[in-house]
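K.L.:
I have a structure here, written as C-alpha cells, and I will follow up with some questions on it.
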Amino acid sequence: MLDSLYLSGWGAFGMTIFMFIPFFVVFMYVVVKKSFSDPNPTTGDGNYAKAEWLWLGFVTIVFVGVNIASIGYMPTVATAKAVASGEKITEVNFTAESWSFDIPEVTIEVGKPIRFSGKSNDTVHGFAIYDPHGDILFTMMLMPGMESPTSLIHTFTEPGTYLVRCLEFCGLAHHEMRDEIVVVGSKG
Amino acid sequence: MLTATKILQKTPIFNKMFPVDESDGLEEINSWPALMIVTSFVWLFIAGLLGVAMPLVQRTGMDTHFFYQALTAHGAALAFPFSFQLMMGIGLHRSGGCAGKPIKGWLPAAIYICMNLGAALLSAAILIGGLSTSLVLMFPLPVVGVETGQWSFETLVLGFTGVGLVLYTMIIFYPIQVLKMAFFGDVREDLVLSARTLNDPGMLGMVLAALVLLIMGTPILIIATYVLVALFGIIPLDAVAWATSPVVFEFAFFVFAHNLMEAMALMVISGIYATLPLYLADGTRKLYSDKLANLALWILLLTSFSSFLHHFITLFPNLPATLAYHGNIMSWGTGIGAAISIFTILATCMKHGLRMTPGLMMALMGFTLYILDGASAVVTSNVAWSFQLHGTMWQSGHTMTVILAMSMMWMGVIYHHYPVMTGRVLEDKLGYWSCGLLTFGSTGAALVMLAGGSAGMPRRFADWGQGGWMVYGDAIQFFGLIIGVAFLLYAINLFKAQKIGEATRSAAPAPAE
Ligand SMILES: [Cu+2]
C-alpha cells in the first residue's frame, strides 16, 4: 500500500489531489455562500478560535504523518541501509556526455544491491531508470566538475530490460540521450 | 508630463488599454506602473504564441530545435517580462498609494528599460541565435553549447547581457524603489490613497519581498556581473573560473530563482490581504486577524530561504542527505504558512460576508490555483517523491501553475487599481467569463502536466511520442488554448472599458488603497 504511494509518481499525484480537492470544495462552498446566498456576517468568535486550532492541528498532523511515513522509501535512506547491512554491493560506475551514457557491462541481479555512481563530462545530465512497464524507478542529477559522483544504491525486484533517460535538459539532442540496462533473475 | 505618460499616450494599443493623463493629479503614481502592466501583457501575448507553438511543433513533426527555442523563449517571457513586470507594476502602484510617494525619476525608468531591453535581447538570442538553455540556463550548458557548436559565442554574450539586465531590475532597481518608498523621503499627502503601515499585512509582504530579492539575489548578481565582464573581454575568462564552476553558479542561481518565486508569492498574498477587506459585505474593511495574516507571511519568509535545497535532492550524495531532508522539511513548512493564509481568507469571508466582483473572484480563483500548485510543490519536495518526479513534466506543471496563479491574482487585483489609473471601469460579464475560463484552463493544464509527470513524461523534451505521452501533450494544447481565450477576453475588457459614470452597470469602485 505505502509502496505504491511513495514509490510511484501516481502516488504523488494522489497525495496532491488528496490535499487539493477537499480544500477546493470547502473554499468554493464558503466563497459562493458568502457572496450570493448568505453574505451576512457569521458571528461567534469562540468558534473561529476553535476552528483555527483544529485546522492547523489537522494540517500539522497530516504534514508530519506523510513525511514520517515516507522515510523508509527515500532512496537516500535505502542507500544508507544497504551500506550498513554489510552485504556485497555491485558497482556500476557510469559517465554521461552530450548525448549518451557510458555504462559498463556488469551483471545486474534481482535482489542484489547495486550502486549506480555517475559523473558528467560536460554539462548537467540526468540518469533516470524506467522499469519495463515505463514507470520511473528513480532519477539522479549529474553535475560536471564535482569531485565525487552522484550515487545511489538500488535493489531490483524484477528482471527485464530497463530504459535509461536523461531528465536534465542538456541541449538540442537531449531527447535522444538514452540507454538500456538489463536486470537478470537471481542466480541464488 | 512623465516619459511613461508620453509612451502610454503615443503607443497605439497602449493608449486604448491604459489611457493615463495628468488630469487627476495622480500621474506620478499611475504612469510608470500602468506602462509596466500594459507592457507585461505584450510579453504575455508573445509567451502565449510560443506556448501554443510547443505542442504544435511536436504534433507536426517539425525540427526539434524549434521546440527547444520555443520552450526557452516561452519560459523566459512568461517568468520575467510578463509575470514579474506585471507584479512590479501593481506593486509599485500599491506602494505609491500606501506611502504617498511619487514613482518618477531615473529609477522607474531604469526598472522599465532594463527589464524590457534585457528580455528583448534574451529573446533575440533565443529566437534568432538559437540559444536553447531553458528558462533556468542549466549552467554550464550555455558555454557547452558554444563548445559543441549548438549556438555561437556572440549569441551567448547577447543572451547573457539580456539576463544580466533583467537581473539588475529584479535584484537591485525594483527592490530599491520599493524600499525607498517604504522608508525614505517625505510623504506627499496628495498622493496618499490609503495610508498603510508596516503592521498592515497588505504592506508587510511588499517590503519583505523587496528585501528577499535584494538579499537572496546578491550572490547571483555578483557572479553574473563577473561572468558578463569576462564575456565582454574586459577581464580574462580564467579569472572567473570560481564563478563559472557549475556547482557555484547553479546553487547561487537557485538560491535566487527559488526565493524569487517565494518573494512573488509573499507579494501577491500580501496583495490579496490588502484587497479582500475592501470587498466585504458588512463594510468593516478588516481581515479576520492581521496578526495571523502577518504570521503566515513571516513563516513563508523564513521557510523559503533554505527550501531551495529541494532543487538538488537528486544530486545525492553531492548534496548531503541532511540538506535534502532540510529542504524537504522547510518546503512543507511553507505549506503551514499557506494553511494559515487559507484560514485567514476563509474566516474573513465567513465573518464579514463578500461583495463579489469579477476582480475579487479572479483573485480568489488565483488563490485556489496557488494552493493546487503549493500541494504539488511540497509533494515533489519530499525526498522520496523527488527521486520519482525530478526532471519530469510535474516540475513544468508546477512552474507554470505558480506563475499563472500569481498572475491571475494580480490580474484580479488590477480590477481594483484600473479605475484609479485610468478613470475607467471594467465590465462585469466579460470579467466573469475570463475568470471562469482562466480557472478552468489553468487548473486543467496544471492537472494534466502533473499527471504527465506521474506517467514519467520528461520536461523540456522534444519527443513526447517516445513514451506514449503525446496524449498529455494534446491535452496541454487544449487547455492552453482555453487559457489563451481567457486572456484575450481580459484584454478585450481593457479595450472596452468605459469612463466611470458612463458605464452601463455602475460598479462604483471602492476608494483605492
Ligand atoms: Cu543529458
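K.L.:
Residues being assigned to a loop (DSSP other than H, G, I, E, B) and either under 21 Å from residue B:144 (Cβ atoms) or within 11 Å of the ligand (Cβ to nearest atom) (or both): count how many of those fall in segment A:104-142. Can you show your working first?
P.N.:
To start, the set of residues in segment A:104-142 that are assigned to a loop (DSSP other than H, G, I, E, B) comprises A:104-107, A:110-112, A:121-124, A:131-135.
When the remaining residues are screened for being either under 21 Å from residue B:144 (Cβ atoms) or within 11 Å of the ligand (Cβ to nearest atom) (or both), the result is A:121-124.
Qualifying residue count, segment A:104-142: 4.
K.L.:
Criterion first (within 19 Å of the chain's Cα centre (by Cα), of a type in the set (Val, Ile, Thr) and in a helix (DSSP H, G or I)) does residue B:340 satisfy it?
P.N.:
Details: within 19 Å of the chain's Cα centre (by Cα): no; of a type in the set (Val, Ile, Thr): yes; in a helix (DSSP H, G or I): yes.
Criteria not met by residue B:340.
Residue-by-condition table, conditions (1) assigned to a helix (DSSP H, G or I); (2) modelled with pLDDT of 95 or more:
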| residue | (1), (2) |
| --- | --- |
| A:3 | yes, no |
| A:13 | yes, yes |
| A:19 | yes, no |
| A:27 | yes, no |
| A:39 | no, no |
| A:53 | yes, no |
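K.L.:
Restricting to segment B:410-442, count the residues that are more than 28 Å from residue B:206 (Cβ to Cβ) and in a helix (DSSP H, G or I). Give the derivation first.
P.N.:
Just the residues of segment B:410-442 that are more than 28 Å from residue B:206 (Cβ to Cβ), to begin with: B:427-430, B:432-433, B:436-437, B:440-441.
Right, trim to in a helix (DSSP H, G or I) and you get B:428-430, B:432-433, B:436-437, B:440-441.
Counting residues in segment B:410-442 that are more than 28 Å from residue B:206 (Cβ to Cβ) and in a helix (DSSP H, G or I) gives 9.
K.L.:
Restricting attention to segment A:143-188, report how many residues are within 14 Å of chain B (Cβ to nearest Cβ), over 30 Å from residue B:63 (Cβ atoms) and assigned to a loop (DSSP other than H, G, I, E, B).
P.N.:
5
K.L.:
Name, by its number, the condition in (1) away from the ligand (no atom under 16 Å from the Cβ); (2) over 25 Å from residue A:8 (Cβ atoms); (3) of a type in the set (Val, Ile, Thr); (4) modelled with pLDDT of 95 or more that does not hold for residue A:153.
P.N.:
(2)
K.L.:
Now, a different point. Among (1) under 21 Å from residue B:16 (Cα atoms); (2) modelled with pLDDT under 95, which single condition is residue B:36 missing?
P.N.:
Unmet condition: (2).
K.L.:
What's the total number of residues in segment B:97-152 that are in contact with a Gly (Cβ under 6 Å, 6 or more places away or on another chain), over 16 Å from residue B:76 (Cα atoms) and away from every other protein chain (no Cβ under 14 Å)?
P.N.:
Matching residues across segment B:97-152 total 2.
K.L.:
It is to be established whether one or more residues within segment A:88-96 are within 16 Å of the ligand (Cβ to nearest atom), closer than 30 Å to residue B:462 by Cβ and over 23 Å from the mean Cα position of the chain (by Cα). Walk me through how you get there before you give the answer.
P.N.:
Going residue by residue through segment A:88-96, those that are within 16 Å of the ligand (Cβ to nearest atom) are A:94-96.
When the remaining residues are screened for being closer than 30 Å to residue B:462 by Cβ, the result is A:94-96.
Next, from what is left, pick out any that are over 23 Å from the mean Cα position of the chain (by Cα): none.
No, the conditions are met nowhere in segment A:88-96.
K.L.:
From the list A:89, A:21, which residue is among the β-branched types (Val, Ile, Thr) and either surrounded by 13 or more Cβ atoms within 10 Å (Cβ to Cβ) or in contact with a His (Cβ under 8 Å, 6 or more places away or on another chain) (or both)?
P.N.:
Values: A:21 fails: either surrounded by 13 or more Cβ atoms within 10 Å (Cβ to Cβ) or in contact with a His (Cβ under 8 Å, 6 or more places away or on another chain) (or both).
The unique qualifying residue is A:89.
The values are calculated or read from the model by the stated rules, or taken from the named source; none is laboratory data. Keep in mind that what you see is a predicted model, and the values were worked out from it rather than measured. Backbone-built Cβ (ideal geometry, glycine too); neighbour counts: all protein chains shown.
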